[in-house]
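Contents: one structure, followed by commentary.
The values are calculated or read from the model by the stated rules, or taken from the named source; none is laboratory data. If you're wondering where the values come from, they're calculated on a predicted model, not measured in any experiment. Cβ atoms come from the backbone with ideal geometry, glycine included; neighbour counts cover every protein chain shown. We work out accessible area using only protein heavy atoms, side chains counted, and drop any ligands, DNA or RNA first. Shrake-Rupley method; radii C 1.70, N 1.55, O 1.52, S 1.80 Å.
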Amino acid sequence: MKNLIIYLFSIMLKRSKCQHSNALINSNEGYCPDCGVYLKKYYYVLRCNCCSHKREASRAAFGANSEIIPVSKYCPVCGGAEYYIEKYEKLNLVDINYAIEVKEEYDILNSAYYGESETKVWVEPADEEPYQRLSLPLNSVCGLLKEGSGLPLT
């Protein structure tokens, strides 16, 4: 019930911005059909900082970034209040009850994302031949070496 109320508040506060509800239904990245923004889908899992137990999470209704917070104030296993957040691109089946799905806007032209993949190219000098051509006498019938060529036959 608490999550439903938080969800309704978050909908009322964000009416002017696209919610991307029709985007990324069957894929992990793509364009939103409503607003045309490129999106990537990520999954966030909260874990206890003390015992690494997975904790149930929700999106905060109030706040600029709609941060991810735990539902309960303390860990049900050890009683710790500290937690950390793990980010996944693909969801494991065992994490399905604890994960929060977030569709984040991804700017392809932004320079911060250019370092994610890199391509290395090397050029060999043109004056040196990397391989030496050998002209071997071949038998014209079946493509085998002739017996008198001086090379070992195997």
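You can think of it this way: the chain between Ser21 and Tyr88 has 22.1 nm of extra reach, that is 0.36 nm per residue less the Cα-Cα gap.
With a 1.4 Å probe and every protein chain kept in, tell me what percent of the accessible surface of the stretch 13-59 is carbon plus sulfur. Result for the stretch 13-59: 44 percent of the exposed heavy-atom area is carbon or sulfur.
Could you list which residues have their amide H under 5 Å from that of Ser58, counting only those 5 or more apart in sequence or on another chain, with H placed in the peptide plane? Long-range HN contacts for Ser58: Ile69, Val71. Remark: spin-label model distance Asp95-Leu109 equals 3.2 nm, labels positioned 7 Å along the Cα→Cβ axis. Can you bin the stretch 52-91 into rounded, prolate or oblate? Criterion: square roots of the alpha carbon gyration tensor eigenvalues sorted a ≥ b ≥ c, rounded for a/c under 1.5, prolate for a/b above b/c, oblate for the rest. Oblate. The mean of 1/r over all pairs of different alpha-carbon atoms in the stretch 15-60, once inverted, gives a Kirkwood hydrodynamic radius of 13.0 Å.
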